[in-house]
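Everything below concerns the one structure shown next.
The values are calculated or read from the model by the stated rules, or taken from the named source; none is laboratory data. For clarity, every value in this text was computed on a predicted model and none was experimentally measured. For neighbour counting, all protein chains shown are included, and Cβ atoms are generated from backbone atoms with ideal geometry for every residue, glycine included. Only protein heavy atoms, including side chains, enter the accessible area calculation; ligands, DNA and RNA are left aside. Shrake-Rupley method; radii C 1.70, N 1.55, O 1.52, S 1.80 Å.
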Amino acid sequence: MTNALSRLLETRDWLMADGATGTNLFNMGLSSGDAPEMWNEEHPDRIKKLYSLAVDAGSDLFLTNSFGGNASRLKLHGAEKRAGELSRISAELGRDVADKAGRPVVVAGSVGPTGEIMAPMGPLTHELAVEIFHEQAEGLKAGGADVLWLETISAPEEYRAAAEAFKLADMPWCGTMSFDTAGRTMMGVTSEAMVKMVEKLENPPIAYGANCGVGASDLLRTVLGFSASGVERPIIAKGNAGIPKYEDGHIHYDGTPDLMAEYAIMARDCGATIIGGCCGTMAEHLEKMHEALESRPRGPRPTLEQITEKLGGFSSASDGTGDDANAVPARKSRRRRG
């Protein structure tokens with residue numbers, strides 16, 4: 001299938017994704033507990049600003065403001081019947097920004113988890129999950145998204161349901177999971193297990209990888225796990241800007257722009273093709289990341305010791321694979337970085 005993202009991947013050996021959605025919107029006035037997706041309608045100018053911050057910093061793709069835009073999540077705000085509509089608007093705003101960029105920029109329709117536990121452990125059946133994801137996918141497609149972008153998934157069952165839904169919508173897609181529990185997702189998936197799952201899908205993603213999680217070091221250890229599996233599909237790395245700290249009543253991420261520049265280079269050298277940031281990643285981080293990726297030559301694959309030396313220690317000794325013979329000890333203390 002020819003699409004905007006595949007065309008870019010054919011001509012480039014790395015692409016830069018965007019940064020945080022929530023962190024930026026909180027800085028624009030979003031209140032904790034509010035649904036960011038409502039801002040697509042209430043404050044379209046601020047959502048366009050969010051997208052433009054990434055584009056102006058050099059991002060080749062950005063995610064739409066639709067992470068929690070599925071019926072299950074919107075039900076918490078009494079807006080479950082607006083899932084398709086709010087997702088469509090998020091993509092329309094993105095399409096407008098991308099089309100004015102003066103260069104190819106991919107609009108990636110963000111699709112987050114449903115927030116429900118999949119059967120048999122929970123109430124969400126496969127059929128209902130497919131229906132929920134399909135509704136949102138159709139909205140993003142109608143709004144002009146180039147590709148669908150599944151992110152922050154923990155359960156393999158939910159990942160598979162989304163893959164099926166995206167096939168129904170006839171849309172190309174990418175998909176990341178969040179490895180935030182000693183190298184595993186909350187539901188126990190390792191990097192190796194994710195690779196095996198992805199390759200067995202009837203409708204596999206263009207690219208796959210990891211987002212969010214703990215810190216940049218942990219995410220790169222997961223990327224090394226993907227690379228070690230030898231899969232040729234492009235790998236995505238979208239790590240948080242350092243470690244979250246609670247200061248003055250709000251969450252602050254301690255990763256400086258210079259640290260994220262080092263992360264971006266190491267992500268590329270670890271084997272990632274699509275590199276961006278997640279929580280805490282602002283325009284100033286993206287600018288430094290882009291500058292580093294443009295100017296610094298590709299190097300050898302970094303070791304775990306080199307990753308911790310540059311980015312700080314891991315949050316756990318285990319990488320989730322069970323092979324901990326060469327594990328680097330967990331973080332004991334960490335210099336403040338911002």
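A compact table of results
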quantity	calculated
Contacts under 6 angstrom Cβ, first residue in the stretch 202-222 being closer than 12 Å to Asp319 by Cβ and touching a residue at least 24 places away in the same chain (Cβ under 8 Å), partner of a type in the set (Gly, Ala, Ser) and in a strand (DSSP E or B), 6 or more apart	Leu219/Ala210; Leu219/Gly239; Thr222/Ala210
Residue pairs meeting the criteria (Cβ under 8 Å; at least 6 apart or on separate chains; first more than 14 Å from Ala210 (Cα to Cα), in the stretch 257-280; second of a type in the set (S, T, N, Q) and open to solvent by 10 Å² or more (accessible area, probe 1.4 Å))	Met266/Gln306; Gly280/Thr23
Residues being open to solvent by 20 Å² or more (accessible area, probe 1.4 Å) and either under 25 Å from Ala4 (Cβ atoms) or basic (Lys, Arg) (or both) - total across the stretch 117-143	5
Residues of the stretch 35-59 classified as open to solvent by 60 Å² or more (accessible area, probe 1.4 Å) and in contact (Cβ under 8 Å) with a residue 40 or more places away in the chain, total	3
Residue that is most open to solvent (accessible area, probe 1.4 Å) [pool: residues in the stretch 174-193 that are free of Cβ contacts under 8 Å to residues at least 40 places away in the same chain and of a type in the set (A, V, I, L, M, F, W, C)]	Met186
Filter result for Ser87 (touching a helix residue (DSSP H, G or I) at 6+ places or on another chain (Cβ under 6 Å), at pLDDT 95 or above and surrounded by fewer than 19 Cβ atoms within 10 Å (Cβ to Cβ))	no
Residue match in the stretch 278-285 (condition: among the hydroxyl-bearing types (Ser, Thr, Tyr) and touching a strand residue (DSSP E or B) at 6+ places or on another chain (Cβ under 7 Å))	no
Test for Arg95: is it under 27 Å from Ala228 (Cα atoms), part of a helix (DSSP H, G or I), of a type in the set (D, E, K, R) and at pLDDT 95 or above	no
Given (1) open to solvent by less than 20 Å² (accessible area, probe 1.4 Å); (2) of a type outside the set (Lys, Arg); (3) more than 22 Å from Ala210 (Cβ to Cβ), index of the condition Met16 fails	(3)
Some residue of the stretch 198-211 being outside any strand (DSSP E or B), under 19 Å from Gly239 (Cβ atoms) and open to solvent by 10 Å² or more (accessible area, probe 1.4 Å)	no
Unmet requirement for Thr114, which otherwise passes all of (1) farther than 19 Å from Val189 by Cα; (2) open to solvent by less than 10 Å² (accessible area, probe 1.4 Å); (3) in a loop (DSSP other than H, G, I, E, B); (4) not small (Gly, Ala, Ser)	(1)
Criterion: closer than 19 Å to Leu124 by Cβ and open to solvent by less than 60 Å² (accessible area, probe 1.4 Å) - qualifying residue of Gly109, Gly94, Gly69	Gly69
Any helices (runs of 4 or more DSSP H) falling wholly within the stretch 219-325 and containing at least 1 residues that are under 18 Å from the mean Cα position of the chain (by Cα) and closer than 26 Å to Trp173 by Cα	257-270, 283-295
Residues that are farther than 23 Å from Ser316 by Cβ and open to solvent by less than 20 Å² (accessible area, probe 1.4 Å), drawn from the stretch 228-263	Ala261
Residues located in the stretch 123-151, provided they are under 14 Å from Pro172 (Cβ atoms), outside any strand (DSSP E or B) and in contact with a Ser or Thr (Cβ under 7 Å, 6 or more places away or on another chain)	Leu140, Ala145
Some residue of the stretch 283-296 being at pLDDT below 85 and either open to solvent by 30 Å² or more (accessible area, probe 1.4 Å) or not polar (S, T, N, Q) (or both)	no
